[in-house]
Amino acid sequence: MEPTLARNILLTGLPGCGKTTLIRHLARQWSSFHPAGFYTEEIRLEGRRQGFRLVGLNGATGLLAHVAYPGAPRVGRYGVDVDQFEAFLDAQHLDRIASPLVLVDEIGKMECLSPRFVALIRRLVDSPKLFVATVALKGGGLIAEVKQRPDVVLVEVTVCNRDVLAAEWGERIASLGPLDSSRR
């Protein structure tokens with residue numbers, strides 16, 4: 001499949017390589033398409049990561065995980081607030097919104113603890129929308145499933161190539177002109 005015509009673009013790479021930075025850059029670069037979606041931000045206290053905040057491209061925020069969140073489920077030292085994550089997802093309406101472009105950061109272990117998230121991602125990759133997401137480098141289940149789809153372009157992000165990728169993918173999407181299902 002020609003990369004400029006792929007409707008599912010997955011960005012993968014080692015933690016800290018710049019996947020979230022790239023998604024945020026693409027959201028700004030593609031603002032004329034009125035993208036829907038969200039990204040995650042680290043919550044830091046005195047230079048130490050404490051958790052992850054969700055930021056919707058519509059301005060909504062939520063909490064994904066925090067070291068102070070009690071109980072299960074846990075990923076490493078972080079308690080994952082699945083209920084709050086699902087409430088955030090429900091408010092985003094990503095599979096029902098009119099936008100032809102959806103950006104998601106990230107398809108990862110924490111997010112995949114949510115059955116609603118897993119179902120949403122499956123609907124999005126099957127939809128006519130242009131779907132761009134970051135995905136964990138390693139993992140089974142949904143992480144492996146989406147990477148193996150024939151309609152996916154998997155792009156490895158590194159510290160060295162993230163700026164080049166921002167320009168390259170920005171140009172590819174812009175060259176499509178108006179995004180609609182007939183173009184994909």
If you place +1 on the Cβ of every Lys and Arg, -1 on the Cβ of every Asp and Glu, and leave all else neutral, what size is the dipole of segment 58-105 about its Cα centre, to the nearest 20 Debye? 160 debye
Percent accessible area from carbon and sulfur atoms, segment 97-157, protein chains only, probe 1.4 Å: 57 percent
Residue 45-residue 138 pseudo-label distance in nm [points 7 Å out on the Cα-to-Cβ vector]: 2.9 nm
Electrostatic dipole magnitude of the chain [Cβ: Lys, Arg +1; Asp, Glu -1; Cα centre; debye, to 20]: 180 debye
With point charges of +1 on the Cβ of Lys and Arg and -1 on the Cβ of Asp and Glu, referenced to the Cα centre of the chain, which listed residue (55, 73, 100) lies farthest in the positive direction of the dipole? 73
Could you put 25, 34, 66 in order of accessible surface area, largest first, with the 1.4 Å probe and the full protein assembly present? 34, 25, 66
Computed from the beta carbon distance with a Förster radius of 35 Å, FRET efficiency for residue 126 and residue 77 to the nearest 0.05 stands at 0.50
Dividing the mean separation of Cα pairs under 8 Å (6+ apart) by the residue count of the chain yields a relative contact order in percent of 33 percent
Can you tell which of 155, 165, 13 lies farthest toward the positive end of the dipole of the chain, using +1 and -1 charges on the Cβ of basic and acidic side chains (Lys, Arg; Asp, Glu)? 13
Modelled FRET efficiency - R0 25 Å, residue 32 with residue 60, Cβ distances, 0.05 increments: 0.75
Run the simple label-point estimate for residue 90 and residue 156 please: 7 Å along Cα→C-beta, distance reported in nm. 4.1 nm
Expressed as cubic angstrom per residue, what is the convex hull volume of the alpha carbon set of segment 1-83? 144 Å³
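The values are calculated or read from the model by the stated rules, or taken from the named source; none is laboratory data. On a predicted model such as this, the values are computed, not experimentally measured, just so you know. Here the Cβ is made from the backbone with ideal geometry for all residues, glycine too, and neighbour counts use every protein chain on show. Only protein heavy atoms, including side chains, enter the accessible area calculation; ligands, DNA and RNA are left aside. Shrake-Rupley method; radii C 1.70, N 1.55, O 1.52, S 1.80 Å.
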